[in-house]
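Below: one structure, written as structure tokens.
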Amino acid sequence: MATESLERFDIRLPASAKQMLLMAAELNGSSLTALIISAAMDKAREIVQANQMLTLNLEDWERFTASLDNPPPPNTALKQAWQEYQAADIHE
């Protein structure tokens, strides 16, 4: 298994915040670094997931699946975009 390289990440924070983090790390039985990385990664995953997941109610889901099953005909803008795409010869 390949080892990921480590990078330094420096932050400045109020002394009171550092003391709170140190106390939490000690109570948790972890290092300050481990505590901060764990908390930051949890929050990062939450943010990424919230921005990648689409949640629909039943009515919207049914409308969405119906549009996949019976898509509307292409409009003028879509036809124009398709012609420009083909003319650019960037497709495989």
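The values are calculated or read from the model by the stated rules, or taken from the named source; none is laboratory data. Everything numeric here is computed off the predicted structure, so don't read it as measured data. So basically every Cβ, Gly included, is an ideal-geometry build from the backbone, and we count neighbours across all protein chains shown.
Here are some notes:
Each row is one residue, and each column tells you yes or no for (1) in a loop (DSSP other than H, G, I, E, B); (2) basic (Lys, Arg); (3) surrounded by fewer than 10 Cβ atoms within 10 Å (Cβ to Cβ); (4) within 27 Å of the chain's Cα centre (by Cα).
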site	(1), (2), (3), (4)
12	yes, yes, yes, yes
43	no, yes, no, yes
55	yes, no, yes, yes
68	no, no, yes, yes
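- Within region 70-88, the set of residues being among the hydrophobic types (A, V, I, L, M, F, W, C) and surrounded by 10 or more Cβ atoms within 10 Å (Cβ to Cβ) comprises 78, 81, 82.
- Screening region 70-92 for residues that are in a loop (DSSP other than H, G, I, E, B) and of a type in the set (D, E, K, R) and picking the one that is modelled with the highest pLDDT gives 89.
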